[in-house]
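The values are calculated or read from the model by the stated rules, or taken from the named source; none is laboratory data. Since we're looking at a predicted model, the values are computed, not measured. Cβ atoms come from the backbone with ideal geometry, glycine included; neighbour counts cover every protein chain shown. Surface areas here come from the heavy atoms of the whole protein model, side chains and all, with no ligands, DNA or RNA. Shrake-Rupley method; radii C 1.70, N 1.55, O 1.52, S 1.80 Å.
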Amino acid sequence: SFIRGCTVWNSFSRGLSMCRTLGLKVDSNIFYNILGHALLVDWSGHGNIIRNNIIIRVSGAEGLSNPEMLTPSGIYIRSPTNVIE
């Protein structure tokens, strides 16, 4: 499976959350004005490939989880078995 050439604008809680995914390709997408993490790769995801994505303007907001509120990130990875390019 893949997510390719999509745009996510003005998301109120994460741009894309990958939980229990195996071998998903996230390629050439744009994430703009995201509250919380733009891409969250959970500990249960393995073998995913994330490449050529553009992430612009990530910020925290009240009501999100503590890491997302205080230090939101473009790509937040909990599993080292994924490929980020």
Using the 2.2 N^0.38 Å rule of thumb for compact globular proteins, work out how the chain stacks up: its C-alpha Rg over that value, please. 1.01
The chain - mean residue ellipticity at 222 nm from DSSP helices (-39,500 (n - 2.57) per run, n ≥ 4, rounded to 500): -1000 deg cm²/dmol
What is the distance in Å between the Cα centroid of the range 9-35 and that of the range 55-78? 12 Å
Using the heavy atoms of the protein chains and a 1.4 angstrom probe, tell me the accessible area per residue for the chain in square angstrom. 59 Å²
Summarise the accessible area of the chain (1.4 Å probe, protein heavy atoms) by the percent that is carbon and sulfur. 56 percent
The range 16-72: which trypsin sites (Lys or Arg not before Pro) are DSSP loop and have at most 14 other beta-carbon atoms within 10 angstrom? ARG20
Around ILE75: net Lys/Arg minus Asp/Glu count, Cβ-Cβ under 14 Å: -1
Give me the one-decimal nm value for the distance between modelled label points at ILE49 and ASN10, 7 Å along each residue's Cα-to-Cβ direction. 3.4 nm
In the range 18-85, which chymotrypsin sites (Phe, Trp or Tyr not before Pro) are in a loop and have at most 14 other Cβ atoms within 10 Å, using DSSP for the loop call? TRP43
Relative contact order of the chain: what whole-number percent is it, with Cα pairs under 8 angstrom and at least 6 residues apart? 30 percent
